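Read through the structure below, which is laid out as C-alpha cells, and then see the notes.
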Amino acid sequence: MEDKNSNPLDLNGSNFNANMYLDKLFKECNLKQIMDHENEIIKDTQTLHSDMQTLVYENYNKFISATDTIKKMKNDFKEMETEMDLLAANMASITSSADQINSTLQGSRQKISKLSGIHTLLQRLQFLFKLPATLKTRMEEKNFNQAVQDYMHAQRVLKQYGDLPSIQGIKSDCEAILKKLRDELRQKFCNQSVTAKEISESVDLLLQLDEPADQLCAEFLKYAERRLSEQVVMLKDQSEQKDIMDFVDLGCNGFFSDLCLVVASFYDMFIHKGRKSENIENCEIFENFAAKELKIFVKDNMEKYFQLVQHKVDSEQDTGDTTILVQALDKFFRGIEGHMLCPNIDFVARATEVVVNAGRKQCKAHLQVLKMHFNDSLTKVRQCLTTPKLVSEEDASKNLTELLNSVIQGVVEKVKGVLQDLCAFIHPNIGFSQKTDFKDSFCVDNVREGLVVCFLHHLTATARIFCTTVHTDPKFPPTLLLLLSKLCVEFRNGHVHHLLTLTDELFHINLLNVNPNPGLTNETEIETSMQESAQELLNHYVRVQGLNVSQMLRKSVETRDWLHTIEPRTVRAVMKRVVEDISAIESTVSLLYEDQGTSTEHSSDSSRKQQSLSISRHQTRSNWSNYTPNHLDSTLVSNMHKIFSEKIEIFSTIEFNKISILTGIIKISLKTFMECVRLKTFSKYGLQQIQVDTHYLQLYLWRFVADENIVHFLLDEILGSAVQRCLEPLLMEPSMVDIICERG
C-alpha cells in the first residue's frame, strides 16, 4: 500500500507528479493515444464531480442536523456545570453533619452493641423454650419440612447444653416429637396416594435427622417392591382379558413406568444426594451398597415383567394378528431401549430375546398353518378322487388336472401369504427390525430354515407317508399317489426355486452378514428330496396298480376248477376287465405324465393285429404244437434256459412318463398271472382257456408298453407254464383261437 501511494505516476496516489506523468505519456504514446487518454481523464473528472455533488446533496440534512446537535450540547454542558457545583456544596454539608453526629454518639455505641447481643441471646433462649410447642404445631399442620428446620436450628444448642436441668426437659420433649415425625415420614413409603416427590422429600428430611442411610434405602426398596407386586398381579389378571396391544400399554404405562420412577427416585434420594450430603458418612461405601441393592431390585422385577410379556406373547401366537403383535412388541422394545435402568445390565438384550422368541414361535405357528392347509388340501383331493364320477370322462379328466393345479397353486399362494405376513417383523419402522441379533436369527433360522425349508421337507415326508397308507386303507385311491408324485415333480422343476428365491429377496438373506458356512439348506438338496419322493410315489403307484390288476388275475386262476373246465367258447370276463382297467389307468396317467417313452414303432390296429396273430401262430407252432409227454423234459430245459437268458426285471425303476408306468404295471400283473398258473393243474380245456386268454391279452396289451416283446415273452411264459402243468397238453389251432378272441 505504501509503494502504491508513493508512486509519482499513480493518479490516485498522494505523491502524484503531473510533470513526470506527462513526460512518460509523451514518450510512450502517440498523438491519438494521448488525445484518447485526455478524453478518458476528462470523463473521469466529470464523473467524480457528479458523484461529489450527489453525496453533498444526499447528506445535506445530516450536516445541518449535526450542526444543531453540537450547538445544543454546548448549552447543556453549561447547565450541567452549574448543577455539579451545587452537588459538591451539598456533599460537603452532609460530610460535616456526619462527623458531628459520630462524635456525639461515640460514647453510647458500646452500650448499644452490648444490649443488642443480650437481646439476641434472649431471643434464642425464647426460641429454645418454645421449640416443643412449635414442633407440635408443625406436626399438627403437617408442615414436616419446617419442623425439621426448626429442630436443626436448635440442634447444636441442645447437644451442647442438653445435660443442664433446665434444657434436659426441652431436649426430651423434642426427641419424643421427632420420633413421631420419623414415623410419619416413614408411613409415606407405603401410602399409595403419596407421590414420588413427597417420598423424596421424606427421605431427605429423615437423612437430615441423622437416620441410617442404608436402613432407609432397604425400607424404600421394600415398600417399592410391594407396590410393584400389586402391578404384577394386576397384569396377570388382565393378561387373559386384554389383547396384546392393550396388555403392553398397561405394562408400559403401569408397571414399567412405576419401576422407572422408583429407580429415578432412588438415584435422586440415595446416590446423587448422597454424594453431596454431609449427613452420610463414608459416601463412597454407601453409594456402592445402594447401587448393589438397586441392581438386585431392578433385575428381579424386570425378570417378572419379561416373563409376563413372554407368556402373553406366547398366548397370542395362534389367535393374534401378526401386525398387531409386531406393533405391540415394538412398543415393548422401544420402552426398554429408551430407559437405562441400571448400569452394567443389558435389558435390551433380554428384550431382544423376547422378540426373537416371539418371531420363532410365530414362524412355528405359521408352519402349523401351512401343514394344516396342505393336509386339508390332500383330504379334499382324496374326497374328490373317491367320490363316484357323475360326469363324463372328459370332465373327469379335466378335473384331475385342475385338482393338481389347485393344490399346487393353493400351497404356493399360502406360503407367499405367510411370508408377506411375517415381513411385518422386518419393517423399517419397527425398532428391533434392524438389530443384528434379531434379524439374523429371525430371517435365516426361523423364516427360511424353520418355516419354508421345513415345510418343503414336510411336504415330501407327508407324500411319502401315503406309500404305506395305501396298504392299510383299502379305500385309499391309488390315483392320489400319482397326483402326489406329479406334485413333487412340479415343485422340483420350479416351485422350490421360486419359494426360496422369494424368501431370500423378501428377507434380504443374501445381504445379511452371515458366516461363510451359514448352514443354509441348499436348493439342490430340497429338489433332490422332491425327486426321490416323486420316484418313490411313482414306483409305489405302479406296484399298487399292478397289485390291483394282479388280484383279479390271481382270483380268476385260484377260484376256477381247471380240471373240470369245459371247452372254451369265449374270452373270460376277467381278461376283458384287465384290459379295461389298464386302459382306464392309461387315460388317468396321460393327464399328468406325457408319453415320452421309447416305445417301438407300431403299425395301425388292423396290421398290428395281423402281425400279432402271425407271431402268435408262429410261436405256438414252434413251441407248443404237437406237444407230447415225451418232449416234456427237453421243453422244460429249453424254457428254463429261456428264463435266465431273457431275464425281465419286474420291479425296475419307473421313469416319469406314461409308457414306463404302464409297462411296470403290466409286468407285475403278468408276472403274478404266471406264478399263479405254475401252482395249478390244468385239463386239456383248461389249457386251451389259458391259451385263449393269453392271446387276447397279447392282442390288446402291446400298445401300452415300451417294448412289445416284453408282453410276448411273459405271455409265452404263462402259456408254457400251463402246458407244463397240464395233464394232457393239447393246444387249440391258432385259427380257432383267433375266432374266439374276435368273438370275445
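The values are calculated or read from the model by the stated rules, or taken from the named source; none is laboratory data. Everything quoted here is computed from the prediction, not taken from an experiment. Protein only, heavy atoms only, side chains kept; ligands, DNA and RNA dropped before computing areas. Shrake-Rupley method; radii C 1.70, N 1.55, O 1.52, S 1.80 Å.
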Counting only residues 5 or more apart in sequence or on a different chain, those whose built amide H sits under 5 Å from that of residue 9 are 17
Residue by residue through the stretch 426-433, the couplings from Karplus 6.51 cos²θ - 1.76 cosθ + 1.60 with θ = phi - 60°, in Hz, x for Gly and Pro, are 10, 5, x, 7, 7, x, 8, 5
Amide H contacts under 5 Å for residue 682, restricted to residues at least 5 apart in sequence or on another chain and with H modeled in the peptide plane, are 726, 727
Using a 1.4 Å probe on heavy atoms of the protein chains only, the accessible area for residue 406 in Å², nearest 10, reads 70
Probe 1.4 Å, all chains present, heavy atoms only: residue 58 accessible area in Å², nearest 10, is 120
Under the Karplus relation with 6.51, -1.76 and 1.60 and θ = phi - 60°, whole-Hz ³J(HN,Hα) for the stretch 682-693, x at Gly and Pro, equal 10, 8, 4, 6, x, 5, 5, 5, 4, 4, 5, 5
With all protein chains in place and a 1.4 Å probe, residue 560 shows an accessible area in Å² (nearest 10) of 80
Residue-ordered couplings for the stretch 721-736, obtained by feeding phi - 60° into the Karplus form 6.51 cos²θ - 1.76 cosθ + 1.60 and rounding to whole Hz (Gly and Pro as x), are 5, 5, 4, 5, 8, 8, 6, 9, x, 9, 8, 7, 5, x, 5, 5
